[in-house]
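Chemist: Encoded as structure tokens, here's the structure I'll be asking about.
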């Protein structure tokens, strides 16, 4: 005789399994201002299937749009943030909008600061990963730039000086 699992119990098991596999490793970067700037905040990265959910909350920015990228080196020791190197680009792609097929693994949507200098962003991105593979962002840096990213100029998007920097650490 076969045992039957009640439909409600089966639905609960499926939901639990989906929840367990939907979210993977997580990481966080605490951003501090570069010399002469006031921008700072926190960015979290959570692996969700083949994408990474990015949540950013920053303050101290000038109102308007700001370039926002993962950079290749986890080094924020220089006063201007240049020690973080260039954009994280393990696949040799051109700089571009993260909504397009070809872009750096470290290209992220622009931050938009309100009139008081606060910005939040939630996005699902690829091909970056948290905690494994060629596109792993653990140990890299997050940079916020002074100006908007034009998503065209190579290799940086013409987004200007670096106003905040933080190293991505696994949690």
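All of the numbers you see were taken from the coordinates with simple rules; none came from a lab. All values derive from a computational prediction rather than experimental measurement. FYI the Cβ positions are ideal-geometry reconstructions off the backbone, even for glycines, and counts take in every protein chain you see.
Chemist: Relative contact order for the chain: what percent, with Cα pairs under 8 Å and sequence separation of 6 or more?
Modeler: 28
Chemist: Measuring from label point to label point, each 7 Å out along Cα→Cβ, what is the residue 50 to residue 154 span in nm?
Modeler: Going by the 7 Å Cα→Cβ label model, 2.6 nm.
Chemist: Follow-up question, since we're still on this one. Remind me, what semi-axes does the range 23-170 give for its equivalent ellipsoid, largest first in whole Å, using sqrt of 5 times each Cα gyration tensor eigenvalue? Show your work: numbers first, answer last.
Modeler: Details: eigenvalues 87, 53, 44 Å².
Square roots of five times the eigenvalues give 21, 16, 15 Å.
Chemist: If I take R0 = 30 Å and measure r between the Cβ atoms of residue 161 and residue 116 in this structure, what FRET efficiency does the formula 1/(1 + (r/R0)^6) give, to the nearest 0.05?
Modeler: Numbers: r = 21 Å, r/R0 = 0.70.
Given R0 = 30 Å and the Cβ-Cβ separation, E is 0.90.
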